[in-house]
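> Take a look at the following structure, please.
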Amino acid sequence: MVVEDLPLRQDAVLWALGSLCQLNRVPFDQTLVLQHFPPPYTTLTLQHAAAALGFKVGTRVAGGADVCHL
């Protein structure tokens, strides 16, 4: 199965990256993220930005019931 590259809002991407960084005590500057990753924003953009911040990221196809086991 192919994972779709879905569109995301800029504020959602910044919130997700900022939250990941805060939880893992990684410095976060949204201005730098916006400079390095201009719009449009997609799930692929989120993965690339998270990887650039040092996170190990990937995609996984999961159904609703599978989410409980992640």
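> Which residue out of D5, D29, D11, D66 is in contact with a strand residue (DSSP E or B) (Cβ under 7 Å, 6 or more places away or on another chain), of a type in the set (D, E, K, R) and open to solvent by 50 Å² or more (accessible area, probe 1.4 Å)?
Answer to the check: D5.
> Is there any pair linking a residue in the range 4-22 that is over 20 Å from G58 (Cβ atoms) to one that is in a loop (DSSP other than H, G, I, E, B), with Cβ under 8 Å and at least six apart or on different chains, and which?
Filtered contacts from the range 4-22: Q10/P39; G18/F28; Q22/F28.
> With respect to L53, is the statement that it is in contact with a helix residue (DSSP H, G or I) (Cβ under 6 Å, 6 or more places away or on another chain), free of Cβ contacts under 8 Å to residues at least 60 places away in the same chain and not acidic (D, E) true?
no
> Looking only at the range 46-63, which residues are surrounded by 10 or more Cβ atoms within 10 Å (Cβ to Cβ) and among the charged types (D, E, K, R)?
Once the filter is applied, which keeps residues that are surrounded by 10 or more Cβ atoms within 10 Å (Cβ to Cβ) and among the charged types (D, E, K, R), the range 46-63 yields nothing.
> Give me a count of the residues in the range 32-70 that are of a type in the set (G, A, S), under 20 Å from S19 (Cα atoms) and in a loop (DSSP other than H, G, I, E, B).
Looking only at that region, the number is 2.
> If T43 satisfies all but one of (1) polar (S, T, N, Q); (2) more than 19 Å from E4 (Cβ to Cβ); (3) surrounded by 10 or more Cβ atoms within 10 Å (Cβ to Cβ), what's the number of the condition it fails?
Result: T43 fails condition (2) only.
The values are calculated or read from the model by the stated rules, or taken from the named source; none is laboratory data. Keep in mind the model is a prediction, meaning the values are calculated, not measured. Heads up, the Cβs are rebuilt from the backbone with ideal geometry, glycines too, and the neighbour counts pull from every protein chain shown. Each accessible area value is taken on the protein alone, full model and side chains, heavy atoms only, with ligands, DNA and RNA left out. Shrake-Rupley method; radii C 1.70, N 1.55, O 1.52, S 1.80 Å.
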